[in-house]
Amino acid sequence: MRPYNSLDSIWNMVARSAYTELNYSPLLLGGSVLGMTLVYIIPVMVIILGLVLGNLLITLTGLLTWLLMRFAYFPIIRSYKCSLWLAFYLRIIAFPYTLMTLDSANRYWQRRGGAWKGRVYQN
């Protein structure tokens, strides 16, 4: 409903509420960052490791994991009427989202969390 025409506007929207959704918990923040790392980075690292070691089973396991993640993203892509190729950018999109989540926690710790229209709302 609101236009988000730039990365800055999207960043602020996510950073405004991401840490709130984690109930201001450093433990949940750490778990979320670890989870996003495992889901989005590890499969690609496993593919590279399998290629370096020359191990076909490791390479195929990483590739299968990577592809399954993309296929799981297809319903969301279709729902927003985007090209299915966008699903292959999921890992790249997830990295800034992880940074936005960390920025949300940082803003909260600096007492700037929940900023909206020039005002800061504390929990």
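Every number in this text was worked out from the coordinates using simple rules, so none of it is lab data. It should be emphasised that the depicted structure is a prediction, and the values quoted were computed from it without experimental measurement. Here Cβ is always computed from backbone atoms with ideal geometry, including for glycine, and neighbour counts include all displayed protein chains.
A few points about this structure:
- The string of couplings for region 86-93 from the Karplus curve (6.51, -1.76, 1.60, θ = phi - 60°) is 4, 4, 6, 9, 4, 5, 5, 5 Hz, one whole number per residue in order, with x for Gly and Pro.
- Each of SER83, PRO26, ILE10 was scored by the projection of its Cα onto the charge dipole of region 7-123, and the greatest displacement toward the positive side belongs to ILE10; charges sit on the C-beta of Lys, Arg, Asp and Glu.
- Nearest 10 degrees, 0 to 90: helix 42-53 Cα axis against the chain principal axis: 30
- With the alpha-carbon atoms of the chain aligned to their principal axes, the span from lowest to highest coordinate is 55, 35, 19 Å, starting with the largest.
- Fully extended contour minus Cα-Cα distance, from TYR4 to VAL52, at 0.36 nm per residue: 13.1 nm
- Rounded to the nearest 20, the size of the Cβ-charge dipole of the chain about its Cα centre is 460 debye, with Lys and Arg at +1 and Asp and Glu at -1.
- Restricting region 23-123 to trypsin sites (Lys or Arg not before Pro) in coil, as DSSP defines it, with at most 10 other Cβ within 10 Å: LYS81, ARG111, LYS117
- The simple Förster model, with R0 at 41 Å and r as the Cβ-Cβ distance, assigns THR20 and LEU64 a FRET efficiency of 0.70.
- Using the Karplus relation 6.51 cos²θ - 1.76 cosθ + 1.60 with θ = phi - 60°, the per-residue 3J(HN,Hα) values for region 76-82 come to 5, 4, 5, 4, 8, 6, 9 Hz, with x marking Gly and Pro.
- Gained length - LEU28 relative to LEU86, 0.36 nm times residue gap less alpha-carbon distance: 18.0 nm
- Relative contact order of the chain, defined on C-alpha pairs under 8 angstrom at six or more residues apart (%): 33
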